[in-house]
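Some notes on the structure that comes next.
The values are calculated or read from the model by the stated rules, or taken from the named source; none is laboratory data. Note that the structure is predicted; figures quoted are calculated from it, not measured. Cβ sites come from the backbone with ideal geometry, for glycine too, and all protein chains shown count toward neighbours. Accessible surface is based on the protein model in full, side chains and every heavy atom, while ligands, DNA and RNA are left aside. Shrake-Rupley method; radii C 1.70, N 1.55, O 1.52, S 1.80 Å.
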Amino acid sequence: SNDGNGVIVLVDSDNCTFSNLTIASNYCSGIDCIDSNPTIQNSLIYNNSNHGIYSSQFSHPEVEYCNIIANGGDNFAGLGFLPSHGTVVGINANGDPCDAYSNIFTDPQLVDHLNDNFNLQPNSPCIDAGDASSSPDPDGSPADIGAFYFDQIAYAPPEFELFLSVDDPISVPAG
């Protein structure tokens, strides 16, 4: 987070790929694309004062498998986006509403964004919501959205077995 834009992509940046970023709580836009055509994937663009992503007239960013939410202006602003960016038309692999590019627009369930802790909580829709063809997270699970993956091995609930012994029959009254 800072007092300006999160990322500015300048002229002739056609072959840039930004992946697994968390761009949050910036004073202006999360990303400004100025006469450039970057690919932005598996990234969280959250709570920026201005737009999520701004695209100038001659920019055409590819934005896929991102979570873009709670930005002061539009999530997608400017002239360089296709009309289908940001329009919910389906659901992603996790069952969350998404646009045609698998972008979601829902609370990322961060640990404590007000104190710059952008780690994902166990119920985050960003877990396993990245591009399935991307490299897996370090825990071997599908790619998460954002810079901080959720370690599903470290968090795994303990396994236990429950054995019951019933000598007398149990009756359950109707109603």
Starting from residues that are touching a Phe, Trp or Tyr at 6+ places or on another chain (Cβ under 7 Å), open to solvent by less than 10 Å² (accessible area, probe 1.4 Å) and of a type in the set (A, V, I, L, M, F, W, C), keep the ones in region 50-70 and report whichever is farthest from Tyr27 (Cα to Cα).
-> Val63
Scanning region 111-152 for residues that are among the hydrophobic types (A, V, I, L, M, F, W, C) and either crowded, with 21+ Cβ neighbours inside 10 Å or within 27 Å of Glu62 (Cβ to Cβ) (or both) gives Phe118, Leu120, Cys126, Ile127, Ala129, Ala132, Ala143, Ile145, Ala147, Phe148, Phe150
Return the total of residues in region 18-50 being polar (S, T, N, Q) and not in a loop (DSSP other than H, G, I, E, B).
-> 4
Does Ser84 satisfy being of a type in the set (S, T, N, Q), surrounded by fewer than 22 Cβ atoms within 10 Å (Cβ to Cβ) and farther than 27 Å from Asp137 by Cα?
-> yes
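Results for (1) more than 13 Å from the chain's Cα centre (by Cα); (2) under 19 Å from Val63 (Cα atoms); (3) touching a residue at least 40 places away in the same chain (Cβ under 8 Å), shown as yes or no for each residue.
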{"residue": "Ser84", "(1), (2), (3)": "yes, yes, no"}
{"residue": "Ile91", "(1), (2), (3)": "yes, yes, no"}
{"residue": "Gly95", "(1), (2), (3)": "yes, no, no"}
{"residue": "Tyr101", "(1), (2), (3)": "no, yes, no"}
{"residue": "Gln109", "(1), (2), (3)": "no, no, no"}
Looking only at region 1-15, and only at residues there that are touching a strand residue (DSSP E or B) at 6+ places or on another chain (Cβ under 7 Å) and open to solvent by 50 Å² or more (accessible area, probe 1.4 Å), the one that is modelled with the lowest pLDDT = Ser1
